[in-house]
Structure formats: C-alpha cells, structure tokens
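S.K.: Can you read through this structure? Questions will come right after.
The values are calculated or read from the model by the stated rules, or taken from the named source; none is laboratory data. Everything numeric in this text was worked out from a predicted model, so none of it was measured. Here the Cβ positions follow ideal geometry from the backbone for every residue, glycine too, while neighbour counts run over all protein chains shown. Note: accessible area is taken over every heavy atom of the protein model, side chains too, but ligands, DNA and RNA are not part of it. Shrake-Rupley method; radii C 1.70, N 1.55, O 1.52, S 1.80 Å.
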Amino acid sequence: MKRMSRQVVFRTDAGQRIGTGHVMRCLSIADRMVAVAAQKNEALQIHFICKAHIGHLCDLIVARGHKCTLLPAVPDWTAEGYLHWLGGPVEQDAALTREAIHASGGASLLVVDHYALDAVWHRQMRQVVGAIAVIDDLPGRIHDCDILIDQNIGHGPALYADRVPAGIPVLAGANFAPVQAAFAHLRAASLERRKSVDVPRVLLVSLGGADPDDVTTAVLRALRPPLGFDAVHVVLSGIARHLAGVRDEVARHDSVTLHVDTRDMPALMAQADLSIGAAGVTAIERCVLGLPTLMVVVADNQIEAADRMADLGAVCLLGNTSDITAQSMHETLCAFVQDTAGSLRAMSNAAAALCDGQGLDRIAPALFDIMSPERDATNTFEQE
C-alpha cells in the first residue's frame with residue numbers, strides 16, 4: 001500500500017431521522033485529535049463523509065474547521081432496522097465512501113460511527129485507509145477494525161469477544177465517552193454547587209437535538225401551577241421538525257428560554273438543578289456534571305443504558321416517548337419537586353460516579369497509536 005497522507009476520515013451521519021449524537025461525538029474526537037497534533041507540531045486534516053440526509057450538519061462540521069463531503073442519498077430509501085438510516089444499499093455506500101477517500105488522497109485512519117455498517121463494509125475500505133476505528137454502543141455486529149470505542153455505562157471488552165479481531169484495543173465503558181473537555185472543566189464546581197441545592201429552581205429540557213416525537217412541547221405544556229421554576233432552558237437542534245411549534249409554546253412562558261444549536265450546553269447543564277432529558281450521548285454529559293435527570297427514552301437503542309442508569313439511581317426513568325403526555329409530565333414533576341431534598345443529592349452523586357469526563361484524554365492517544373507506522377496491522381478478520 002502506498003504511504004497515506006496524514007488525514008483522518010470520519011464516516012457518520014446526522015439527520016431528522018437519525019438525530020445529531022453520532023456527528024457530535026465524532027466532532028469532539030476530531031477537535032481533540034487536531035489539538036493533540038498541534039501540540040506535537042504536526043498537521044492533521046479531518047474529513048467527514050456523510051450522506052445528504054435532511055439535517056446532515058455539514059455546515060456545522062465545516063464551521064469547526066473540517067472538510068465535509070456529502071454523498072447522495074437514495075430518495076425515499078426504506079430498509080429494515082438501522083439500514084433505514086443509511087440512505088441507500090450498503091454496497092453502494094461502500095463504493096461512494098471509498099471513492100471519496102481515494103479522491104482526497106487516502107487516510108491514515110478511518111473512524112466509523114454508524115449502526116448500519118459492519119465488517120462487510122469495513123473490508124471494502126482497507127485498500128484506501130491505514131487503519132479503522134469503530135465507535136459502537138450496540139454490541140451485536142461483527143467489526144473488522146483496529147480499535148473499538150464504546151461509551152455505554154456498564155459495557156466492557158467482553159461484550160465484543162469474537163466480534164472484533166483478536167487482540168485489538170477495546171475501550172469500553174462510560175469513562176471512554178468522548179464528552180467535550182468543557183464538561184470535565186466544570187465538573188468540580190458543578191458537583192460542589194449541588195451539595196446545597198434542596199429544591200430545583202432551574203430546569204433544563206433537552207430531549208435530543210431532533211426530538212422527533214416532540215416531547216419538548218408536552219413538557220412545556222406541563223409547566224403550570226403549582227410548578228414554578230425560576231428559569232427553564234430548552235435545547236433543540238435547528239433540524240428539529242417541530243421547532244416552529246416549540247417556539248410558539250415557548251412564547252407562552254415568561255421564564256422559558258429556547259436555545260437552538262447551542263454551544264453552551266456544558267454551562268447550561270452546570271447551572272441547572274434538574275433536567276428532563278433523553279438517554280444517549282447527553283445522558284453521559286449530565287453524569288459528568290452530576291445533573292439529576294428525569295429521563296425519557298426516545299429511541300430503542302437507548303433502553304439498555306436508560307434501565308442501567310435507573311437501577312443505579314442516577315436517573316428517574318419516565319419511560320418511552322409514547323408514555324409521555326402533558327398531564328403525566330405535570331403529575332410527575334409535581335410529585336418529584338415535593339420530595340427533592342434527599343432525592344436530588346442522591347441522584348446527583350449516583351450520576352457523577354458513572355463518568356469522570358476524561359474520555360477524550362484516553363481516546364485520542366489510542367487513536368494516534370493506531371495510526372503509528374510501527375503498529376502491527378495483521379490482526380484483521382479474514383474475508384470469508
């Protein structure tokens with residue numbers, strides 16, 4: 001294989017159907033890798049390859065200083081399971097991705113964060129990349145990769161036995177979550193402040209960037225007497241289908257502020273006393289800051305992690321989006337606020353114990369090791 005350029009390619013997607021979590025965690029890793037390379041006085045180019053789904057976030061990727069190539073998506077594509085998210089057949093996606101990587105000069109490392117892609121797809125990248133990293137949190141697929149990262153609470157390397165090549169690094173568990181450095185920076189102050197909070201006065205509502213089932217509106221309609229928060233902060237992405245309706249609902253509340261595509265999530269979490277939030281990437285971010293949460297499951301892939309967090313006392317689980325109405329949310333909030341003196345602190349302590357926020361400090365060096373020319377690249381699955 002010819003010598004590769006010093007480029008890292010991320011193959012991931014965002015969209016109204018998919019949400020923003022995959023792209024956002026990849027952006028955190030990409031930004032950290034660029035910073036580490038700069039400290040070494042090395043140049044590192046980051047290239048995202050994504051499908052042109054509605055809400056693809058390419059503009060955000062470019063604004064962060066990275067290259068982004070959008071691959072065409074098949075109109076009205078449908079398929080079973082997570083293949084529905086891919087926007088076309090696997091073979092077609094592999095060919096388009098391989099062509100895009102080849103056209104940009106190859107890559108030292110390909111980072112794949114997509115539930116629809118597995119070893120069959122990975123093998124087709126081997127000729128144009130030096131190494132492959134996979135981000136996964138749904139153990140079940142076979143991966144042909146050189147390192148695997150799984151941020152899920154309670155997960156460990158044993159979950160990937162016989163699913164990845166023997167001997168590769170498997171970085172599994174919440175302490176490998178690629179949360180922004182700002183969360184770790186605010187952790188000590190956030191945890192200290194919570195020691196004196198008896199009654200929640202500031203509420204954060206963050207139900208996933210896309211919130212496809214519009215649980216946000218149900219929450220806002222639940223905010224009526226006797227509930228009385230001093231401030232309510234609502235976070236949504238600009239790709240959310242129900243954004244216009246949420247804006248209308250926010251306008252009916254004097255104490256509610258809407259944040260669209262915010263870059264201030266660490267500060268918003270640190271300042272909040274209570275959150276109504278989705279499982280997923282932001283759930284781990286809330287743990288870093290010890291933010292007590294009433295949790296809603298907005299996707300099937302979140303159920304396992306949500307149940308585990310509830311069992312550990314880190315969240316109060318409200319159930320699936322189909323279980324949430326304005327009335328049920330009102331009743332839950334009223335009951336919770338009436339009995340918070342002990343529950344807030346207990347939930348905060350349990351959440352904070354799950355993740356220390358230093359995941360990027362562990363991930364970035366491991367990825368640079370994988371890109372090393374001295375690395376033994378023989379541990380890959382044989383093609384069948």
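S.K.: May I ask for the distance between the Cα centers of region 167-199 and region 213-275, given as a whole number of Å?
M.R.: 23 Å
S.K.: Separate question: So how much slack lies between E91 and D162, counting 0.36 nm per residue of separation and subtracting their Cα-Cα distance, in nm?
M.R.: That pair, E91 and D162, stretches by 23.2 nm at full extension.
S.K.: Report in % the part of the accessible area of region 227-384 that belongs to carbon and sulfur, leaving out ligands and nucleic acids; probe 1.4 Å. Provide the component values of the computation, followed by the final result.
M.R.: Details: 3200 of 6920 Å².
Answer for region 227-384: carbon and sulfur cover 46 percent of the accessible area.
S.K.: Ok, one more. Say each of A231 and T257 gets a label point 7 Å from the Cα, pointing the same way as Cα to Cβ; how far apart are those two points in nm?
M.R.: About 0.5 nm separates the two model spin labels.
S.K.: Got a number for the accessible area of Y82? Probe 1.4 Å, square angstrom, nearest 10.
M.R.: Rounded to the nearest 10, the figure is 70 Å².
S.K.: Continuing with this model, one more query. Could you work out which residue, out of V197, V23, V234, moves most in a Gaussian network model of the chain, that is, has the largest mean-square fluctuation with Cα springs under 10 Å?
M.R.: V197
S.K.: Just add up the charged neighbours of D137: K/R +1, D/E -1, any other residue whose Cβ is under 15 Å from the Cβ of D137.
M.R.: -4
S.K.: Report the accessible area of H233, computed with a 1.4 Å probe over the heavy atoms of all protein chains in place, in Å² rounded to the nearest 10.
M.R.: 40 Å²
S.K.: Then there's this: Considering the dipole of region 145-206 built from charges on the beta carbon (Lys and Arg +1, Asp and Glu -1) around the Cα centre, which of A172, Q151, L204 is farthest to its positive end?
M.R.: The residue sitting farthest along the positive end of the dipole is L204.
S.K.: Give me the net charge for the shell around C50: Cβ to Cβ below 10 angstrom, other residues only, Lys and Arg +1, Asp and Glu -1.
M.R.: +1
S.K.: For region 1-154, what proportion of DSSP beta bridges, expressed in % and rounded to the nearest 5, is antiparallel?
M.R.: 5 percent
S.K.: Excluding A172 itself, what net charge comes from residues whose Cβ is under 14 Å from its Cβ, given Lys and Arg +1 and Asp and Glu -1?
M.R.: For residues surrounding A172, the net value is -1.
S.K.: Per residue, how much accessible surface does the chain expose to a 1.4 Å probe? Answer in Å², no decimals.
M.R.: Per-residue value: 41 Å².
S.K.: A follow-up question, please. Would you please put 272-279, 208-215 in order of how densely packed they are, using the mean number of other Cβ atoms within 10 angstrom per residue and starting with the highest?
M.R.: 272-279, 208-215
S.K.: Here's something else I'd like to know. Expressed as a whole percentage, what fraction of the accessible surface of region 36-137 belongs to carbon and sulfur atoms when a 1.4 Å probe is rolled over the protein heavy atoms?
M.R.: 54 percent
S.K.: Please work out how much length the chain gains when fully extended from R64 to A79, using 0.36 nm per residue of separation minus the C-alpha to C-alpha distance, in nm with one decimal. Don't jump to the answer; show the numbers that get you there.
M.R.: Details: separation 15, 0.36 × 15 = 5.40 nm, distance 3.24 nm.
Taking 0.36 nm per residue and subtracting the Cα distance, the gain is 2.2 nm.
S.K.: With all protein chains present, calculate the accessible area of R345 using a 1.4 Å probe and round the result to the nearest 10 Å².
M.R.: Counting only protein heavy atoms, the figure is 80 Å².
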